[in-house]
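Note sheet for the following structure.
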Amino acid sequence: MSNDNKNTYNFGMIGLGTMGRNLLFNMADHGFSVTGHDKSEKMLQLLEEEGKSHQLKGFAKIEDFIDSLQSPKTIILLVPAGKIVDDVIEEVTPLLSKGDIIIDSGNSYYADTTRRAIALKAKGLHFFGMGISGGEEGARFGPSLMPGGDKEAYAVVKDMLEAVSAKVNGEPCVAYIGPGAAGHFVKMTHNGIEYAIMQLLAETYEILKNGLGYDNGQIQQVFEQWNNGRLKSFLMEITKEVFLFKDVKTGNLLVDEIKDEAKSKGTGKWTSQIAMDVEIPLSTIDAAVAARNLSKFKALRLELENSFGKSAAIDAQADFVKDLEEAFYFAMVSAYAQGMHLLWRASDEFGYELNMAEIAKIWRGGCIIRAEFLQDIYQAYTQNPELQHLYQDEAIQAKLKKGLAGTRNVISKALQAGIAIPSFAASLTYFDTLKTGRMPSNLTQAQRDYFGAHTFERIDSEGVFHVDWSTNKA
Ligand code: 6PG
């Protein structure tokens, strides 16, 4: 390498796939000098070809790449989550000096991020786990960014991250999230909500298609109309477009040619798993994760459909679709509320000190779950930063109350017709459980004490009690 490149560039990227390249171009667009490294010759070539008009450079040799960066050297990783992140860290660490910064921008598991942050801190290096949302388009023109890690090192990257992020009302969709793995935890939760909203859209499609007998054009129109109102969101917008896309191979609408088996990379599952660990129920999200898993049993589903019969048409009254909009709003609120509830708990449990309003604020643009409703969430937590649950917010309560009868109508009619609506149904029972002042859990406690002497607490006196349940029968 010629000495010309030494200590020249502001930021470096390892992993020059589409996401990595796009984020580099975005940084270069905003006046930052950037450099990239990838093991693949092809990716380096693509960087060169596509990045001709930018102030950027690719290096095949890791030493040249690191050498080319100004100090403190800031390296962003956009490589697949898992072992590769550890391998890259191992490779670059000996080439870095105290105070240098590594930012992992993949969908890494939060506990891995905690482990890496501790190990790198011991070497005097700063480590950031940064959630990045918005896909390839977002990376290129403005993602939502969720960086977590050493607060003092954030100053080095703050201006750049604010410049490249999406903007809503001129405000950047990035904020320092918190210490350790806070950024990756928040991104994981974002994805859990993403799974739930996607599933609710799929269930709505199912209700309209199999319950009401709508064709794709009619379904598209419903989504189009909703997207002009309070349900406006990125996912609603792309979903309505899916219903218009023609398959070049068959001339049919492509959506009908796609296998009904959903894949996943694991972030939704992690959200549900961790929520179980910290005892925060995420019924809507859990049902969405389970629905993707159930979709994998195609042969079994066909066999059981044969045994038990298909779902029936819904006995729908004239304003059923209006009620369906209410039901969607209700379940959407529940999905976001559950995600925020998990963050509320994680903030305490893991010491992330999350600013809930700030998180809602940076999700308003750039990310996959951006939606009109995030403004309401932002307002709710701005008014009351200590809010435990979104259902408690008065403005949201008023809207939920107004739509509750319609919501119950849609969900009960779909259930009656045998239409599978796991996330809708889970949302309603979650809500009904949370608004039950006295749950039947007293019976659960009695049973536990009966068979295992696990004790119970009384409503009229302090302490724990045990009785021999086989005696003293009425
Ligand atoms: C985003 C997305 C992104 C990715 C999902 C896909 O915020 O930009 O969430 O991270 O597309 O992880 O997840 P699945 O493959 O599990 O659906």
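Any read-out appearing in this document is the output of simple, stated calculations on the displayed coordinates, not a laboratory observation. Just so we're clear, the structure is a prediction, and the values are computed from it rather than from any experiment. Neighbour counts run over all protein chains shown; Cβ positions are idealised from the backbone, glycine included.
Residues whose amide H comes within less than 5 Å of that of THR74, counting only those at least five positions distant or on another chain, are GLY12, ILE101 (H built at 1.01 Å from N in the peptide plane). Counting every C-alpha pair in the stretch 425-474, the share spaced more than 19 angstrom apart comes to 43%. Looking at the chain alone, DSSP beta bridges between its own residues are antiparallel in about 35 percent of cases.
Normalising the average separation of contacting C-alpha pairs (under 8 angstrom, six or more residues apart) by the number of residues puts the relative contact order of the chain at 13 percent. Ratio to report: Rg/Rh of the stretch 11-180, with Cα atoms as the point set and Rh obtained by the Kirkwood method; give two decimals. Checking Rg against Rh, the ratio lands at 0.93.
For a straight C-alpha distance cut-off of 21 angstrom, the lysines reachable from LYS265 (same-chain residues fewer than eight places away being disregarded) are LYS83, LYS187, LYS296, LYS298.
By the helix-only formula, in which each DSSP H run with n ≥ 4 contributes -39500 (n - 2.57) and the sum is divided by residues, the chain has a 222 nm mean residue ellipticity of -16500 deg cm²/dmol. Using alpha carbons only, the radius of gyration of the stretch 337-474 set against its Kirkwood radius gives Rg/Rh = 1.10. Taking a point 7 Å out from the Cα of GLN397 in the direction of its Cβ, the residues of the stretch 427-447 whose backbone N falls within less than 15 Å of it are 434-437.
Arranged from fewest to most other beta-carbon atoms within 10 Å of their beta carbon, LYS232, LYS399 become LYS232, LYS399. The orientation-averaged shadow of the Cα convex hull for the chain, equal to a quarter of the hull surface, comes to 29.1 nm².
Computed from phi, the 3J(HN,Hα) profile of the stretch 65-75 under the Karplus parametrisation 6.51, -1.76, 1.60 (θ = phi - 60°) reads 4, 5, 4, 6, 8, 6, 9, x, 6, 10, 10 Hz, with x in place of Gly and Pro. The Cα-based radius of gyration of the stretch 1-48, divided by its Kirkwood radius, gives an Rg/Rh of 0.97.
Bridgeable aspartates and glutamates around LYS57 (alpha carbons under 17 Å apart, same-chain partners fewer than 8 residues away excluded): ASP4, ASP29, ASP38, GLU41, GLU48, GLU49, ASP67. Taking Lys and Arg as +1 and Asp and Glu as -1, the other residues whose beta-carbon sits under 13 Å from that of SER133 total 0.
Net charge in the neighbourhood of ASP87 (other residues with Cβ under 13 Å of its Cβ; Lys, Arg +1, Asp, Glu -1) is -2. Its relative contact order, with pairs defined as Cα atoms under 8 Å and 6+ residues apart, puts the stretch 11-180 at 20 percent.
When the convex hull of its Cα atoms is viewed from all sides, the stretch 228-313 shows a mean projected area of 9.2 nm².
Annotation: Cα Rg of the stretch 190-434 relative to the compact-globule expectation 2.2 N^0.38 Å equals 1.01.
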